[in-house]
Amino acid sequence: MSFQAYLDTIEDKTGLTPRAFIALAQERGFDEPATKAGTILQWLKEDYGLGRGHGMALVHVIKKGAKIDAKHVGTNGSHRDESDTLWLDGKHTRP
């Protein structure tokens, strides 16, 4: 599953866009550098029923933003993304 596909699946399951999760995480202070991934994962599991894989996709966008490593772009295989910039505003608004 591509990084973007993880985010789209999270939106399907929760009704929230990645950008909405970023705002919720900021309200809780989870975007602070000292916040550990485990803290965010626990919140996502308890409040939204998200597992580790989907949770780690959100941890990335919460802590690092929309850019992903270019090694995942245009490669063959199931984890290939089309761009090094993830779309965070909802799959139905993606250009």
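Things worth noting here:
- The residue list HIS60, LEU24, TYR6 was ranked by how far each Cα lies along the charge dipole of the stretch 1-77 toward its positive end, using unit charges on Cβ atoms, and HIS60 comes out on top.
- Helix-only mean residue ellipticity at 222 nm for the chain, each DSSP H run of n ≥ 4 adding -39500 (n - 2.57), per residue, nearest 500: -15500 deg cm²/dmol
- Accessible area of the chain belonging to carbon and sulfur atoms, whole % at 1.4 Å probe: 51
- (1) 35, 27, 21; (2) 41, 27, 18; (3) 57, 29, 16, with the label sought being that of the calculated Cα extents along the principal axes in Å: (1)
- Label sites at ARG80 and LYS67, each approximated as a point 7 angstrom past Cα along Cα to Cβ, lie 2.4 nm apart.
- Annotation: amide H of VAL73 within the under-5 Å range of ASP81, sequence separation 5 or more or interchain, hydrogens built in the peptide plane.
The values are calculated or read from the model by the stated rules, or taken from the named source; none is laboratory data. None of these values were measured; they are calculated from a predicted model. Every residue, glycine as well, gets a Cβ built from its backbone with ideal geometry; the counts of neighbours run over all protein chains shown. In case anyone asks, the SASA skips ligands and DNA or RNA and just uses the protein heavy atoms, side chains included. Shrake-Rupley method; radii C 1.70, N 1.55, O 1.52, S 1.80 Å.
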